[in-house]
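Comments concern the structure below.
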């Protein structure tokens with residue numbers, strides 16, 4: 001397939017689009033979204049990296065919803081909706097995210113979204129068996145709020161959605177930050193053995209040996225946790241531990257076993273010289289399959305749920321780290337039998 005048209009919302013000093021268009025004359029840059037998506041067989045939206053305002057909660061107001069509205073207007077006027085992929089979470093605004101999902105179902109086009117984490121390599125290369133009994137799950141990762149927290153939530157969700165009884169949605173979310181985070185860690189609000197199992201999978205620990213609590217407090221300057229409970233009783237915790245690690249590690253209690261089940265979602269990061277950010281390859285592979293078949297390879301409901309979880313985590317932090325009821329996140333769906341993580 002060919003990339004034939006491109007719309008760039010903001011052209012910065014480090015822009016690559018003009019050079020790429022000059023190198024590849026089959027790709028044309030258009031001044032409007034409508035011109036760029038008219039007559040194509042598939043659309044990919046990467047609504048970030050620009051200079052956009054923030055909300056009072058610190059969320060960057062990336063224009064994904066605006067892009068979606070302009071794209072689907074062309075779909076309606078042409079009577080020809082085509083598959084669409086939305087990179088990362090659907091929107092910073094939950095109501096807009098829900099509308100994006102609802103419109104995609106109403107217009108009946110293949111729609112996927114989300115992170116590279118569910119489809120990248122795993123170390124070890126293991127799959128959560130479909131129909132597993134999962135009682136507790138955790139992701140230890142790094143990054144900021146309303147950004148990499150979403151990746152951590154996707155890491156958890158692509159695993160726990162395979163549990164017995166399928167996904168049922170989330171009934172509450174509670175965030176922890178700073179001193180309250182350390183107090184929760186000491187009190188065992190989330191299981192320490194799961195955290196240890198996740199950290200054992202990390203390739204980037206900033207300590208010579210396994211980190212102590214004192215090590216963690218010294219290295220992690222802005223710890224954040226989102227703890228939440230699904231409607232079927234499963235509890236999950238997403239931990240941002242920047243300064244201690246720089247990767248995404250998952251652990252869970254599965255099928256009644258006392259020993260945690262764990263793996264790392266491996267992202268081969270660029271080294272600034274020769275190594276590319278090759279973790280985009282598994283993501284693009286799934287996007288291409290959707291374009292060729294007209295069918296999503298994994299459910300967009302996963303990303304609808306993780307979008308809502310991200311927004312709820314931000315709301316809890318902004319509202320004094322209080323537990324928030326989330327009846328709007330009663331999002332039920334069945335995980336596909338075939339997994340999509342990269343094995344080659």
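The values are calculated or read from the model by the stated rules, or taken from the named source; none is laboratory data. Keep in mind that this is a model prediction, so the values were computed, not measured. Please note: Cβ atoms are built from the backbone with ideal geometry, for glycine as well, and neighbour counts cover all protein chains shown.
Inspection of region 99-116 identifies no residue that is modelled with pLDDT of 95 or more, surrounded by fewer than 22 Cβ atoms within 10 Å (Cβ to Cβ) and under 12 Å from the mean Cα position of the chain (by Cα). Pairs are defined by a Cβ separation below 9 Å, a sequence spacing of at least 6 or placement on different chains, a first member in region 70-91 that is in the same structural domain as residue 292 (by TED's automatic domain parsing) and within 19 Å of residue 113 (Cβ to Cβ), and a second member that is part of a strand (DSSP E or B) and at pLDDT 95 or above; no pair meets this definition.
Applying the set (1) in the same structural domain as residue 246 (by TED's automatic domain parsing); (2) surrounded by fewer than 24 Cβ atoms within 10 Å (Cβ to Cβ); (3) assigned to a strand (DSSP E or B) to residue 145 leaves exactly one unmet item: (3). Counting only helices (runs of 4 or more DSSP H) wholly contained in region 171-279, the ones carrying 2 or more residues that are in contact (Cβ under 8 Å) with a residue 60 or more places away in the chain occupy 192-200.
For region 180-209, a residue qualifies if it is in contact with a helix residue (DSSP H, G or I) (Cβ under 8 Å, 6 or more places away or on another chain) and more than 15 Å from residue 140 (Cα to Cα), and the qualifying residues are 186, 207. Only a single criterion out of (1) in contact with a strand residue (DSSP E or B) (Cβ under 8 Å, 6 or more places away or on another chain); (2) over 23 Å from residue 122 (Cα atoms) is not satisfied by residue 293, namely (1). Considering region 236-289, the residues that are under 30 Å from residue 317 (Cα atoms) and surrounded by fewer than 17 Cβ atoms within 10 Å (Cβ to Cβ) include one that is modelled with the highest pLDDT, namely 243. Within region 210-235, the set of residues being under 15 Å from residue 143 (Cβ atoms) and surrounded by fewer than 15 Cβ atoms within 10 Å (Cβ to Cβ) comprises 221, 222. Here residue 310 meets the list (1) farther than 20 Å from residue 123 by Cα; (2) surrounded by 23 or more Cβ atoms within 10 Å (Cβ to Cβ); (3) in contact with a strand residue (DSSP E or B) (Cβ under 7 Å, 6 or more places away or on another chain) almost entirely, failing just condition (3).
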